[in-house]
Amino acid sequence: MCRHTYKGGKELSMGVKIALILLVQLLKTFLGYFSLCPGPAGGVLLNAVTTGAILGDLPTGLMLGGTYELMNIGLNPLGESVVPNYNLGSIVGVFFAITVNKEIGTAMGIVVATLATMMNTFVQYLSLPFKSWMEKALATHQWKKVEWIEFLNWFPAFIVGTAIPVAVVCSLGQPAAEAIMNFVPEWVTHGFSVAGSALPALGFAIVLRSLNVEKNIEYLIIGFALFAFAGVGTVGATLFGAALALMKFKHAKELKAVEANAGFGGVGDE
Amino acid sequence: MSKYGKLSEKTYKKVCLSAMADQTARYIGGGNLPMPTVRIMMPALAELYADDPDLIVKKQMRYLNEYFNTESTAGDLLLGAMVAVEASKEPNASDISNALKISLMGPLAGIGDSIFKVGGKVIFSAMAGYMALEGSLLGLLVCEIWCLVTLACKYWFFNLGYQQGTNFVTTLADQLDLVTTTIGVLGLVVIGNAIPSTVKLTTKFALQYGESVKPFQEILDSIFPYLLPCLLTYALYKALAVKGMTTIKLVYIVLAAGLVLSLLGVC
């Protein structure tokens, strides 16, 4: 689709494309800060789709982005837990899927997402200077400056956590990725795509833990049976789920009301 | 006095918009919610205590240095209430506000995470991912709508917290608990649906009966559809409970298993 628009004019150089990818990321991080653009849900897919569109292959972006989005489903950086960074992985994955080939792209995405966690601790310390600047601005009664310091706090984390890794891996990684492709046997790249199709199950397993599945297994079975035996997709299942949730909500509300009445009755009897 | 108490309408609107900026963006920079709190409080305190800048510094230093961590959307209820307490200009307002923060940040984080982070993410991620694999961008659009809903909730929550005050927030936290238990139902149905539709695990293994070759996958399908994705999810579910196991370790284990199975020609 996009490929045709470039064909007539000049093909953009790879450096310009990488710069465009980073510009989109900057915009996404900024808009995401004001909840105006998909972050926790859909953010990984958005990265893959925009990267795919810039490189002129939207279908690959969609396909890989969908896979990474599903891998990311149960991964919440809540509390102290460290989880793979598929926001970064999906950009790099789609980049190599389009510029080299699809198998190496899938593999690179997963590897980069996991390796990116090593930067976590380092990125966390980036906000420390901002805290002391804020204290200084407070002490000197510069109220406007206090607000601005906080608003700009995300920028170093963006540069170190997203911009530099993407720029370095995408501009230097291509010869390496091509070299790897030449000597790595077929079973290795196939093994990565097997792992890639299995990894969404890890995300689901984590979600199941947080949704307390052992007490509510019946709803999981309903969702499974809807697809496996009736071919109902996600939208249909969401509607079924919403109806069931509403039923449960009404029931729980009634139960609570009954309990409350019983409580008052008990006080009245004494 | 305006309908916003001791704050002028202009300042109140500024504080409210400030509170809508997502504090989760901060988690990239080390999970520090105190800094956004200072930013949100700043215009309000600057107006309320314009004659006593040293008191502002004292109050803000406290917000900046005391621990604060909650979920950003539901947390706006709490921030609204905290600003309202400061706007009362009671001598011990900061004590009340900080006590409120400590007692409600836990419950609101639980509720907010299950509705906005886990529940919402499960439903909309699954939808976006599944639709993308089918070649459609519609799922991404649904995610965008969900973002705007979250934003509207932030606005609504902050106003509720500010205008209805502390008692209301406590009761509401209790009621939202109901929503938490029921949103899990929706999440479970969606995940139950996503396991067979998106985990594409099949085996190439074949059984030989003398001359004829029977693919093992056909036998599995005749026993139970999507048996392998179910078994894999169950195995990973159990593996997560193993002591010392982390998500990252499990990713490596899945990668290694994929390579081994590929080498043996099983998958």
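Every number here is computed from the coordinates shown, using simple stated rules; none is lab data. Remember, predicted model here, so these are calculated numbers, not experimental data. Quick reminder, even Gly has a Cβ in these numbers, built from the backbone with ideal geometry, and neighbours come from all protein chains shown.
Could you give each residue of region B:245-250 its phi-based ³J(HN,Hα) in whole Hz, using Karplus coefficients 6.51, -1.76, 1.60 with θ = phi - 60°, and x for Gly or Pro?
Along region B:245-250, the couplings run 7, 10, 4, 4, 4, 5 Hz.
Need one value for B:240-253: mean number of C-beta atoms belonging to other chains within 10 Å of its residues' C-beta atoms.
4
To make sure I understand, if each residue's beta carbon is the centre and we count other beta carbons within 10 Å, what order do A:Glu186, A:Glu178 fall in, fewest to most?
A:Glu186, A:Glu178
Once phi is turned into ³J(HN,Hα) by the Karplus curve 6.51 cos²θ - 1.76 cosθ + 1.60 with θ = phi - 60°, what whole-Hz value does each residue of region A:31-44 show in order, with x for glycine and proline?
5, x, 4, 9, 6, 9, 8, x, x, x, 9, x, x, 5
Two decimals, Cα atoms only, Kirkwood Rh: what is Rg/Rh over chain A?
1.09
Which residue fluctuates most in the GNM of chain A (Cα springs below 10 Å): A:Val184, A:Val100, A:Val44?
Taking springs between Cα atoms under 10 Å, the residue moving most is A:Val184.
Determine the distance separating the Cα centre of region B:117-134 from the Cα centre of region B:174-201; give it in Å without decimals.
That distance is 11 Å.
Counting Lys and Arg as +1 and Asp and Glu as -1, each charge on the Cβ, what is the dipole of region A:70-153 about the Cα centre in debye, to the nearest 20?
For region A:70-153, the charge dipole is close to 200 debye.
Output ³J(HN,Hα) for region A:194-204: one whole-Hz value per residue in order, computed from phi by the Karplus curve 6.51 cos²θ - 1.76 cosθ + 1.60 with θ = phi - 60°, and x for Gly and Pro.
Ordered by residue, 3J(HN,Hα) equals 4, 4, x, 7, 8, 5, x, 4, 5, x, 5 Hz.
If each residue's Cβ is checked for other Cβ atoms within 10 Å, how do A:Ile98, A:Ile21, B:Ile219 rank with the fewest at the top?
Arranged by neighbour count, lowest to highest, A:Ile98, A:Ile21, B:Ile219 become B:Ile219, A:Ile98, A:Ile21.
Given H placed on each backbone N at 1.01 Å, which residues far from A:Val232 in sequence or on other chains put an amide H within less than 5 Å of it?
A:Phe227
Over region A:125-237, calculate the relative contact order: mean separation of alpha carbon pairs under 8 Å at least 6 apart, over the residue count, as a percent.
Across region A:125-237, relative contact order equals 14 percent.
Long-range amide H contacts for A:Val82: which residues qualify at under 5 Å (H placed 1.01 Å from N, peptide plane, sequence gap of 5 or more or a different chain)?
Amide H neighbours of A:Val82: none.
What residue among A:Gln174, A:Leu220, A:Gly233 has its Cα farthest toward the positive end of the dipole of region A:152-270, where the charges are +1 on Lys, Arg and -1 on Asp, Glu, each on the Cβ?
Ranked along the dipole, the leading option is A:Gly233.
Contact order normalised by length for chain B, with contacts defined as Cα pairs under 8 Å and 6 or more residues apart; what percent is it?
17
Mind checking the dipole of the protein assembly as shown: about its Cα centre, +1 per Lys or Arg Cβ, -1 per Asp or Glu Cβ, Debye to the nearest 20?
820
Could you tell me the distance between the Cα centroids of region B:249-267 and region A:113-148, to the nearest Å?
41
Give me the angle, in degrees from 0 to 90, between the Cα long axis of helix B:93-112 and the longest principal axis of the Cα atoms of chain B, rounded to the nearest 10.
Tilt relative to chain B: about 20 degrees.
Once amide H atoms are placed 1.01 Å from N in the peptide plane, what residues at a sequence separation of 5 or more from B:Ala206, or on another chain, have their amide H within under 5 Å of its amide H?
B:Phe216
Between 0 and 90 degrees, rounded to the nearest ten: what's the tilt of helix A:217-230 against the longest Cα principal axis of chain A?
60
Can you work out D for chain B in µm² s⁻¹ from Stokes-Einstein, where Rh is the Kirkwood radius over C-alpha pairs, the temperature is 37 °C and the viscosity is 0.692 mPa s?
148
Once you keep just the Cα pairs under 8 angstrom separated by 6 or more residues, what percentage relative contact order results for chain A?
Answer for chain A is 17 percent.
Could you sort B:184-190, B:211-217 so that the peptide with the highest average Cβ count within 10 Å comes first and the rest follow in order?
With the highest mean Cβ count within 10 Å placed first, the list reads B:184-190, B:211-217.
Excluding residues on the same chain fewer than 8 positions from B:Lys238, give the lysines whose Cα lies under 16 Å from its Cα.
Hits, sequence-local ones excluded: A:Lys215, B:Lys249.
How would B:Asp76, B:Asp54 line up from fewest to most surrounding beta-carbon atoms within 10 angstrom?
Ascending Cβ contact count within 10 Å gives the list B:Asp54, B:Asp76.
Using the Cα centre of chain B as origin and beta-carbon charges of +1 (Lys, Arg) and -1 (Asp, Glu), tell me which of B:Ser8, B:Val38, B:Ile248 is placed farthest towards the positive end of the dipole.
B:Ile248
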